[in-house]
Amino acid sequence: MPIWRFTCFSLFFGFFLSSVPELTGSAELNIAVELGTIIRINTSAHTNTKCKVCIRQDTQQLCQSSVVLRSDTLLDFSCSQPENVFTVQIIRDNVMYNIEPKEYNAFQKFNRTFIWNLKPPATKSLHLNFSSTGLLQIQPTDSCPDKHVYMLAVENVSVGRFCPNGTIRQVDVRNAGKLSLEVSGGRALDKKVIGVSLGRLINSLANFHVVLPEKSSTQDFFTPIAFPENAETMWYFTVPHAYYTDVRILSYTVPTCLQPENIPTMKYTWQGKEPLVKLMNVSQPSVEPGNFNLAIKNCNISGPQPPSQGLMVHFQISAIKRSKGQCEGDLPEKQVLQIRVNKKDPKSTCVLKLDSLIMDTVTVASGNHFVLNSFDCNKDEIELTVNQTIECKEWRDCASTPFPLTFNYEQQCIPGVLKTIIWHLHGPQNSAVKLQSPAGDLRYCPPEDKCNSIILLNVSHVNSGITLGQFCPKGTIQKIQIRESKIAITASVMSFNDRNLATKPFLTYSFTQDISEHYIFTVAPKMDNPTMLATPAWPSGMKASSTVSWIVNLEPQFKSNLKFRNVSQPKCKEVHTNIAVQTIRSQTTLYSTKKDEKIKDLLVPESFYLNVTNCKSPTGAFRAMMEITLQNSTNKLLGIILSIVGVVLVIVTAVGICFFLRKKKRNKAPPVSVYNPSEHAFLPGLHGIPKAQEEEDPHTYVCIDETLIYSHLLKDDAEKEEYKEATADESDLKLDYSPLNNLALPERPVRKSENLVTKSNALIDNELYGYVQGQSTASDTPKTSEEEGNYETRLCV
């Protein structure tokens, strides 16, 4: 049978020569072996063939199933496709310098393994640098896409299989080790250099240095197969800025240790922090920033154990770039606060982390320092529920004035939106609580109705849990009084639009002395809308033997229609329930229910009390819902109008009288002293005026003030004033001592001969003061002797 032979020789850098013939019956290869390299050619483990590899030595040919080549050799295979039968190992020993893979073209069709035996000095370790390629750890049965598989063994222990293009940049090994690269037949060798250097001696079996990429990634890692006793493996993770890592254990097995307390664990170390040790069966760290180390150490095993029960851990590292919010601080201890931060959607990418624990619900309490981190959380994804306890055990410590209920959460860095605030008010024993709304009155809101407001208030008892009712702003309830020392007020925020809502006072509270009824509501109905009233705990029934009163204040011009919309009566053993209506001003009882009597609607003319009382042992629920509507009271309105008109008339009349009296007083002549030159005392009412003066004379005067007659003789104004005061005092003394002062003088009518003009103040001014038409007596106009004589004789009246 003819044999076709084809030989191709190639020389690579003077190191080797190879020939690849393709023959129908046999193949011949000429191999040039590099110095320090050993080539092993073996038949595949799963191949059953008679094909042999032959080595020609001189004139003889030695054929066998495997050969070891240490020098240049001519190979002859007894089959035409030996690459399907044989595998090739290319081995280099005592590697301490950079590894540069060399390709043998003659073996390119063969499955080949490149092996580098590592042997550092006893006091050193070897650092294998894979920066040019990177390694990705895979499971023992997995393969790589490019048909290049790296394997690393240390002290005859396989520490892992790897593919290129991974995140492992460096591996440190102690003592003797072996690095292998498996390349599938027909694949060209990736000739990337692997750096080798010496470093300080390490205690662990191997150290893996991992550099996570600046993108979201997930990497799998495995502990060595057949993990030796008391051995340790370390991973050093470099995490990009703003990226956070999560660690998950996907599967693990732990051996039976001689000392159970030394069971293998996961030990994490972050720079500047204390090491964190986690058991395999608990949750591992999550959303952790920064570089960290992970150490896994085996224990001393109790007796021989099968490999399947040895230490094996398959864990996963995920890195995600996140936006971070951090809040660190202490809640005020005096306020007794508790804030619950809750994720609305557990499946959300938002992460809440308190200290080092990730939770969907985080609770922060007063008196405890906290570090709360949030990652990739929008404010609408987190809800805040605040619990605050306000306690006042002694009356001397209680606020006498109403105190506002607020929660200034804007000052806190805790993320999220305020959903619910619960105030627990604890007053002194046998006290009552008074609630008022500073922003306006409250409106009762039955459970079946909508509040149509951003705030819904719920008032309940702390001990019994009974709900008094729920209320909305903008209503008619001015005040609520509760005979209970411990109550809870829940404010539910229905809208998140108003970020400053929490800083506004929802209610004001104050502790008061005990009240007679269990509940007292003060109500001021308005004309616009009906006012709804309901018994406590509606639609449930009132508590046995409990009482509730509504003080309904009406404006005088209104009267009210009281309608009982829904009343449920229980069966009582003794005293039955009672609904009573009594006016406040007249104290008239307008209505009081009787047993089995149908309740009637009422028209109440004024402000009134509405009292509702449950019986002692009711069978069934006692509840009632009432409605108050206002209407104008015409009679009262007319009375008010008439009253206003009357008041106006009285004011007008009083003003008129005052004006008249004031004018009359101005026209009345002031009292002055009388000048009498003849020193003849007479009584005008008894003796009359002398006959000589009966004739009508325009220069006749009633009286003359002496101070005005002689005042022109005084030098200046000061002397005039002094003289007037002295004359007045003298005049008073004369009048006081005159016997005529004590006589009652009858009224003297004006005689016909008398002229009323003589009583005119104008004449007095003109004649006595010397002023005529605005001119004084000091003017240059001379007086005749006759005028002067008349002036002197007419000084007496």
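The values are calculated or read from the model by the stated rules, or taken from the named source; none is laboratory data. Everything quoted here is computed from the prediction, not taken from an experiment. No Cβ is skipped: glycine too gets one built from the backbone with ideal geometry, and neighbour counts run over all protein chains shown. Just the protein is used for accessible areas: all its heavy atoms, side chains included, with ligands, DNA and RNA removed. Shrake-Rupley method; radii C 1.70, N 1.55, O 1.52, S 1.80 Å.
Of note:
- Here the condition is being in contact (Cβ under 8 Å) with a residue 40 or more places away in the chain and either in the same structural domain as Glu288 (by the TED database) or acidic (Asp, Glu) (or both); of Glu394, Glu383, it holds for Glu383 alone.
- Single condition Glu484 does not satisfy, out of (1) open to solvent by less than 60 Å² (accessible area, probe 1.4 Å); (2) assigned by the TED database to the domain that holds Lys379; (3) not in a loop (DSSP other than H, G, I, E, B); (4) not hydrophobic (A, V, I, L, M, F, W, C): (3)
- Filtered residues of region 419-449 (kept if closer than 23 Å to Gln478 by Cβ and charged (D, E, K, R)): Lys434, Asp441, Arg443, Asp449
- Restricting region 132-160 to residues that are free of Cβ contacts under 8 Å to residues at least 40 places away in the same chain and more than 25 Å from Phe110 (Cβ to Cβ), the residue that is surrounded by the fewest Cβ atoms within 10 Å (Cβ to Cβ): Asn156
- Scanning region 298-307 for any residue that is open to solvent by less than 80 Å² (accessible area, probe 1.4 Å) and part of a strand (DSSP E or B) turns up at least one such residue.
- When restricted to residues that are touching a residue at least 12 places away in the same chain (Cβ under 8 Å) and either open to solvent by 60 Å² or more (accessible area, probe 1.4 Å) or in contact with a Cys (Cβ under 8 Å, 6 or more places away or on another chain) (or both), region 60-80 contains 12.
- Residue match in region 186-197 (condition: assigned to a strand (DSSP E or B), open to solvent by less than 60 Å² (accessible area, probe 1.4 Å) and either assigned by the TED database to the domain that holds Ile115 or of a type in the set (Phe, Trp, Tyr) (or both)): no
- Filter pass, Val247 being on the phi < 0 side of the Ramachandran plot, in the same structural domain as Lys297 (by the TED database) and under 37 Å from the mean Cα position of the chain (by Cα): yes
- Conditions (1) farther than 30 Å from Asn48 by Cα; (2) outside any loop (DSSP other than H, G, I, E, B); (3) of a type in the set (A, V, I, L, M); number of the one not met by Ala122: (2)
- Residue list for region 550-578, restricted to those being surrounded by 14 or more Cβ atoms within 10 Å (Cβ to Cβ) and not in a strand (DSSP E or B): Asn553, Leu554, Glu555, Gln557, Gln569, Pro570, His576, Thr577
- Selection status of Glu103, crowded, with 16+ Cβ neighbours inside 10 Å, farther than 27 Å from Ala231 by Cβ and acidic (Asp, Glu): yes
- Flag for Ser318 being touching a residue at least 60 places away in the same chain (Cβ under 8 Å), in a strand (DSSP E or B) and surrounded by fewer than 18 Cβ atoms within 10 Å (Cβ to Cβ): yes
- Qualifying residue in region 373-390 (condition: open to solvent by 50 Å² or more (accessible area, probe 1.4 Å) and part of a strand (DSSP E or B)): no
- Thr547 surrounded by 16 or more Cβ atoms within 10 Å (Cβ to Cβ), under 30 Å from Gln631 (Cβ atoms) and in contact with a His (Cβ under 6 Å, 6 or more places away or on another chain): yes
- When Lys324, Lys278, Lys273 are checked against the criterion of being charged (D, E, K, R), at negative phi and in contact with an Asp or Glu (Cβ under 9 Å, 6 or more places away or on another chain), Lys324 stands alone in meeting it.
- Residues in region 596-631 that are among the small types (Gly, Ala, Ser) and over 22 Å from Lys526 (Cα atoms) were compared, and the one that is modelled with the lowest pLDDT is Ser617.
- Of the residues contained in region 620-631, one or more are found to be on the phi > 0 side of the Ramachandran plot and in contact (Cβ under 8 Å) with a residue 12 or more places away in the chain.
- Residue satisfying condition, being surrounded by fewer than 17 Cβ atoms within 10 Å (Cβ to Cβ) and at pLDDT 90 or above, within set Leu258, Leu212, Leu205, Leu250: Leu250
- Residue in region 328-341 that is open to solvent by 50 Å² or more (accessible area, probe 1.4 Å), more than 23 Å from the chain's Cα centre (by Cα) and farther than 30 Å from Asp376 by Cβ present: no
- Taking region 342-362 as the range and being within 21 Å of Pro285 (Cα to Cα) and surrounded by fewer than 16 Cβ atoms within 10 Å (Cβ to Cβ) as the test, the residues that pass are Pro346, Lys347, Ser348, Thr349, Asp355, Ser356, Leu357, Met359, Asp360, Thr361.
- Exactly one residue out of Ser453, Ser495, Ser464 is surrounded by fewer than 19 Cβ atoms within 10 Å (Cβ to Cβ), at pLDDT below 90, over 17 Å from Glu517 (Cα atoms) and more than 24 Å from the chain's Cα centre (by Cα), and it is Ser464.
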